[in-house]
Every structure is written in structure tokens, then in C-alpha cells.
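*Asks:* This is the structure I have questions about; it appears just below.
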Amino acid sequence: MVSFHSSQPLTNNTPLCYSINSPPFAFKPTIASAYFSSIFGSLGLLSNLIAFVVLLKSFRRTHSRSRSSFLIFLGGLVVTDFMGLLVTSSIVISFHVTHFNWRELDPDCHFCNFMGMSMVFYGLCPLLLGAAMALERFIAGTVSMVLMVWLIAGCIALLPLINVGSYHMQMPGSWCFFNISSKGNDLVFSLLFSLVGLVCIAVSFLLNTISVVTLIKVCCGEDRSQRRRDGEIEMMVQLILIMVIASICWCPLLVFIAQTVLSKVPLQIRSLLLWIRFATWNQILDPWAYILFRRAVLKGIFPRLDWSRGSIMTLYPSLGSTIRRFTRPSLTSTVSLDET
């Protein structure tokens, strides 16, 4: 049972990261936490590794500029999730197995700041990449945004090092994160983290909705000379799944942070731990959105469907005519999509 109290008194020369919660903490060693963290981390690493191999094979086979660009974004997302799990899980599992003393191992907070920056960087990257992928699909062009996303997330993660926010040891002593507080620069950084994440989700939702409506218009158009749109539909389905996963996993934490600092109520440690664990499921579920929802997999599940026809929508002509009737007056122009 974890005790949310420090067993070491604070002094005037206490480093900043230990000024709120100072290890070592009084708790009974339990192997359950080590097992949970090990299984959770291993599952996430394996999922992203499988997704990366599948993406690499798909990238070598594709001849579509549009799909190549989309696969690059997916690859960036998979690499980011993999590295995020590798870095954070290694630290958390090491703590649960050895119960090392943070203040003895890291008296100057360098290690704690590194983990805090990793949590922020690898937390914001999937949300920013999701918004960048939605933008790339919306304008239907090749846009090199992966490096820019990493740069933006990295700059935000470094802000506490210039006193915009601060990284602190978090209960039960196995991880570091920024201080969620309604005071001073901690308020600014907490709101920045929360709002950037929520804006990314909102932008993804808006652009994906427009792209889907546009894609339906194109697929249901009366121009029968259009080439196969299955690839575009497949990418949109995967992107929407990534957006839904990010929304479900991250919105509770982002809203919780904003609500805590704006209402000026004391931080609820158990709620923070719950929503942090909820958010980390994003790194496990992301790769399966691509692994499972590919045409190669769907062909195996539905072998009787004629996958060589002009478009997925042509498999259901009555549905296509219905959607075409409702979408014809809704759009005056469509976005041009890349073709194979």
C-alpha cells in the first residue's frame, strides 16, 4: 500500500524537483507494480515493433505519392510511441524492481528533469502528429511535418528548464512530471500542455470530418473515369481510428489538468495516476489501428468481397446513390486526391 508522504524532511537546500514530494516514500514493496509495468511496456513495444515492420513492407510496395506520405507519418508515430514507451517504462520498471532512492541517484534533478521532459515530449508528439496527418490528408499533398512536430514538442518539453513550469517527483515515487498547479508559471505550463493537446484533437476532428465528406463526394461522383479510391478510404479509416484512440485516451487527462489549475482545487493524486495510465494506452493501441485495419487483413476476413472493383463505395451501389444524393448540394468543389 503506497503512502503519499515523504519519509525525509525537506530543507532549505532541497532541489526543486523534490520540493513538493521528496523520496524515499514509505511503502510496502510489492511485485504487482513491477509485473504490471513490465507487461504493459512489453506489450506496447511489441505492438509498435510489429507495426513498424508492416509499415516498412507497405512503404516498399507502394507507388502512390499520397500513400507514401501517409506511411511516413505513421512511421513517425510508431517510432515516437516506441521510444516513449522504451524510455519511460525502463525508468518505472527499474524503480519498481530495485526501489532505488531518487535523491541519492539524482541529487541535482537531472534524471528527474529528463523523465519529465520525456513524458511531455512523447505525450504531445502523438497528438501533434495526429493533427499533422489530418492536415496532410486535408490538403492531399506531401507535407514534411514529422521533424517540425518533434521540434515543437521538444521546445515545449524544454520550457520548464527556463522556469516556465517545473518538473517534480510524482507519487508514488516512480516517475517525474510537470507540477500541476494554479500558481505562477506552473499554471502557464499546465494550461499550455492541456490546450495544445485539446487543440490538436479538435483540429484533427474538424479536418478529418471535412476530408471524409470530400472523399465521399469523390467516391460517389458520377465521373466513372476516376481510379481506385480504396487506398484513400483505407488511410482515412486508419486516421479516424488514430484520432478516436487519442481522444478517448488523452481527453480525460487534458481536461483534468485544465480543470484542476483553473478551479484552484488541490491536486487529486489518485485521479492523476488513473488518467496518466489511461493516456499511456494510446501508445499501445495506435499501432493496431494500422495493423488490423489494412486491406490485406480485411481481404482475409471478408474474402468474398470483390476488392478489385473501382471503390469500396461501389460495393454498395444503393448506399452510394443515397450518399451522392445528399452530398451533391453540400459541396461546390472537392479536394484533388493523389492517384496511383
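*Asks:* Being hydrophobic (A, V, I, L, M, F, W, C) and either more than 21 Å from ILE180 (Cβ to Cβ) or under 12 Å from the mean Cα position of the chain (by Cα) (or both) narrows it down to one of LEU158, LEU128, so name that one.
*Replies:* LEU128
*Asks:* Right, something else. So the check is Cβ under 7 Å with 6+ separation or different chains; which pairs have a first residue in the stretch 86-102 that's assigned to a loop (DSSP other than H, G, I, E, B) and a second one that's surrounded by 20 or more Cβ atoms within 10 Å (Cβ to Cβ)?
*Replies:* ASN101/PRO23
*Asks:* Quick check on my filter: what residues within the stretch 152-192 are touching a Phe, Trp or Tyr at 6+ places or on another chain (Cβ under 9 Å) and closer than 21 Å to LEU135 by Cβ?
*Replies:* Correct list: ALA153, GLY154, ILE156.
*Asks:* For the stretch 213-231, check the following and say yes or no: at least one residue is modelled with pLDDT of 90 or more and not aromatic (Phe, Trp, Tyr).
*Replies:* Among the residues of the stretch 213-231, not one is modelled with pLDDT of 90 or more and not aromatic (Phe, Trp, Tyr), which makes the answer no.
*Asks:* Check GLY116, GLY123 and return the single one that is in contact with a strand residue (DSSP E or B) (Cβ under 6 Å, 6 or more places away or on another chain) and in a helix (DSSP H, G or I).
*Replies:* Checking each option against the conditions leaves just GLY116.
*Asks:* How about the stretch 155-195: which of its residues are on the phi > 0 side of the Ramachandran plot and out of contact with any helix residue (DSSP H, G or I) (no Cβ under 9 Å at 6 or more places or on another chain)?
*Replies:* Correct list: GLY184 only.
*Asks:* Output yes when any residue across the stretch 86-94 is of a type in the set (Gly, Ala, Ser) and farther than 21 Å from ARG277 by Cβ, and no when none is.
*Replies:* For the stretch 86-94, residues of a type in the set (Gly, Ala, Ser) and farther than 21 Å from ARG277 by Cβ: absent.
*Asks:* Considering the stretch 50-85 alone, what residues qualify as being in a helix (DSSP H, G or I), closer than 18 Å to VAL146 by Cβ and β-branched (Val, Ile, Thr)?
*Replies:* Residues satisfying the conditions are ILE72, VAL78, VAL79, THR80.
*Asks:* May I pose another question? Taking GLU136 as meeting all but one of (1) without any contact (Cβ under 8 Å) to a residue 24 or more places away in the chain; (2) more than 16 Å from GLY173 (Cβ to Cβ); (3) among the acidic types (Asp, Glu), write down the number of the exception.
*Replies:* The number of the failed condition is (1).
*Asks:* Something else: Taking HIS99 as the residue in question, decide whether it is more than 20 Å from LEU239 (Cβ to Cβ), surrounded by fewer than 17 Cβ atoms within 10 Å (Cβ to Cβ), more than 22 Å from the chain's Cα centre (by Cα) and not polar (S, T, N, Q).
*Replies:* Answer is yes for this residue.
The values are calculated or read from the model by the stated rules, or taken from the named source; none is laboratory data. Quick caveat: nothing in here was measured; it's all calculated off a predicted structure. All Cβ positions, glycine included, derive from the backbone under ideal geometry; neighbour counts span all protein chains shown.
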